[in-house]
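Have a look at the structure below before the remarks.
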Amino acid sequence: MSDNDAIQPVSNEQWLERLTAERERLVGLRASIIDEHEPHDDREHNGTITTIDSHHADRGAATYELELETSMLHRFDDEIKRVDEAVAKLEAGTFGLCERCGEPIRDERMDFEPAARYCITHQAEMTG
C-alpha cells in the first residue's frame, strides 16, 4: 500500500461538516413530525369544532399517536443536543475523547456515531 492509499484521519473541518449535516437532518425530521400533526376540523361531521375524533376508539388512537409523536420529538431534541455538545467539544479540542476515561474513541465508532461520548468499553458499561 502506498502513502497515497493510506486512510487519512478526518479533519476538524470535516467533522464539523458531518455534525452540521446531522443536526440539519435531525431538525428537518423534527419539523416534519410537527408539520404532520396539524389539528383537523371536524365541523362538517357534527357541527362542532374539535381536534379529536368523537368516537372513544378514535380518541384512543389519537392519544396514542400524540404520545408517540411527543416521544419522537423528545428523542430528536436529545440527539440535537448531543450533536451540539459534540460541536462544542470540537471547538474545545476534546472531540473524540471518552468522557469517562479520556482515551480516544476508536475511529470506527466515531465514523458510525460522530456524537459518541464514550469509548465502546464504557458505552457497554453504561447500557448494561
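Taken over the stretch 29-41, the criterion of being at pLDDT 85 or above, more than 20 Å from residue 85 (Cβ to Cβ) and not acidic (Asp, Glu) is satisfied by 31, 32, 33, 34. Can you name every residue in the stretch 66-103 that is of a type outside the set (S, T, N, Q), on the phi < 0 side of the Ramachandran plot and free of Cβ contacts under 8 Å to residues at least 12 places away in the same chain? Within the stretch 66-103, 67, 68, 74, 75, 78, 81, 88, 89, 91, 92, 97 qualify. Report whether or not residue 78 is modelled with pLDDT under 90 and either surrounded by 12 or more Cβ atoms within 10 Å (Cβ to Cβ) or assigned to a helix (DSSP H, G or I) (or both). No: the conditions fail for residue 78.
Output the residues belonging to the stretch 84-93 that are farther than 17 Å from residue 14 by Cβ and either at pLDDT below 95 or small (Gly, Ala, Ser) (or both). Of everything in the stretch 84-93, those that are farther than 17 Å from residue 14 by Cβ and either at pLDDT below 95 or small (Gly, Ala, Ser) (or both) turn out to be 88, 92. Of all residues in the stretch 82-102, those satisfying the criterion of being of a type in the set (D, E, K, R) and surrounded by 12 or more Cβ atoms within 10 Å (Cβ to Cβ) are 82, 84, 85, 89, 99, 100. Considering the stretch 110-123, and only residues there that are buried (at least 17 other Cβ atoms within 10 Å of the Cβ) and within 17 Å of the chain's Cα centre (by Cα), the residue that is nearest to residue 15 (Cα to Cα) turns out to be 114. The sole residue among 24, 44, 13 that is in a helix (DSSP H, G or I), modelled with pLDDT of 90 or more, over 18 Å from the mean Cα position of the chain (by Cα) and over 26 Å from residue 126 (Cβ atoms) is 13. For the stretch 81-116, residues that are charged (D, E, K, R), part of a loop (DSSP other than H, G, I, E, B) and more than 18 Å from residue 26 (Cα to Cα) total 4.
The values are calculated or read from the model by the stated rules, or taken from the named source; none is laboratory data. Given the structure is predicted, the values throughout are model-derived calculations rather than measurements. Here Cβ is always computed from backbone atoms with ideal geometry, including for glycine, and neighbour counts include all displayed protein chains.
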